[in-house]
Structure formats: C-alpha cells, structure tokens
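The values are calculated or read from the model by the stated rules, or taken from the named source; none is laboratory data. Since we're looking at a predicted model, the values are computed, not measured. Heads up, the Cβs are rebuilt from the backbone with ideal geometry, glycines too, and the neighbour counts pull from every protein chain shown. Please note that ligands, DNA and RNA were not included when accessible areas were found on the heavy atoms of the full protein model with its side chains. Shrake-Rupley method; radii C 1.70, N 1.55, O 1.52, S 1.80 Å.
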Amino acid sequence: MAAYVIGDIEVTDPAVYEEYRKQVPATIEKYGGRFAARGGRVEPLEGGWAPKRAVLLEFPSFEQALKWYRSAEYAPLIELRQKASRGKLFLVEGTQK
C-alpha cells in the first residue's frame, strides 16, 4: 500500500534550499519514492491552511517512506532543509486499491 509524505515548507534561504533541492531526489528514488507534487500552485479550500510551498512524495509503502526519512543519506539533508526553511512534514498511509 502506498504512503505519502506531505510537506508545508516556507523557504527562508533560497540559495541553501536550492542545494537541498538538487540533492534530495536521489535519496527519494533510492527508496522507491517519487515526487507527486513539488512547489506547484496551491489553492486553499477549507480550514485556513495556506502552505507557502507544498510537497507530496509517494513511496511504495509506509515502511519505505520511514526508511528514507531515517536513512543515513537523508540525515544531512534534513539539517540542510531545516537551515534553509521552516515547515511541517507528515507521513500518511494510502488506501488499498
């Protein structure tokens, strides 16, 4: 069952964030993930939530997404992202097809 990492990101240092953006795809792909959305247009519909930059990652399973997030490859990129932005991330399990 697929799982999704959803992020609401506000970039505070574009130059540093660009370094993160260049390096992160290889780590995601290594764990079978892919970008489903990355910084595209956002239209708030309910609840007053208006992300500055929305990111949606799809992984083949909840476990694979956690392996990616907790991996040695991604650990330094977490620090880089946190240095260059403020945001929230969460992981959600998809439904069975």
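General observations
- Residue list for segment 9-60, restricted to those being free of Cβ contacts under 8 Å to residues at least 40 places away in the same chain and among the basic types (Lys, Arg): ARG21, LYS22, ARG34, ARG38, ARG41
- Among the residues of segment 1-16, just one is of a type in the set (Ser, Thr, Tyr) and in a loop (DSSP other than H, G, I, E, B), namely THR12.
- Residues satisfying the stated conditions in segment 43-89, i.e. among the basic types (Lys, Arg) and within 28 Å of ALA15 (Cβ to Cβ): LYS52, ARG53, ARG70, ARG81, LYS83, ARG86, LYS88
- Entry remark, segment 45-97: residues being open to solvent by 40 Å² or more (accessible area, probe 1.4 Å) and part of a helix (DSSP H, G or I) number 11 in total.
- Qualifying positions in segment 17-35 - assigned to a helix (DSSP H, G or I) and either touching a His at 6+ places or on another chain (Cβ under 9 Å) or of a type in the set (Phe, Trp, Tyr) (or both): TYR17, TYR20
- Residue ID - surrounded by the most Cβ atoms within 10 Å (Cβ to Cβ), chosen from residues in segment 1-44 that are touching an Asp or Glu at 6+ places or on another chain (Cβ under 7 Å) and at pLDDT 95 or above: GLY33
- Contact map, segment 69-97: first residue more than 21 Å from ALA54 (Cα to Cα) and modelled with pLDDT of 95 or more, second residue open to solvent by less than 100 Å² (accessible area, probe 1.4 Å) and part of a helix (DSSP H, G or I), Cβ cut-off under 8 Å, separation 6 or more or different chains; pairs are SER71/THR27; GLU73/ALA26; GLU73/THR27.
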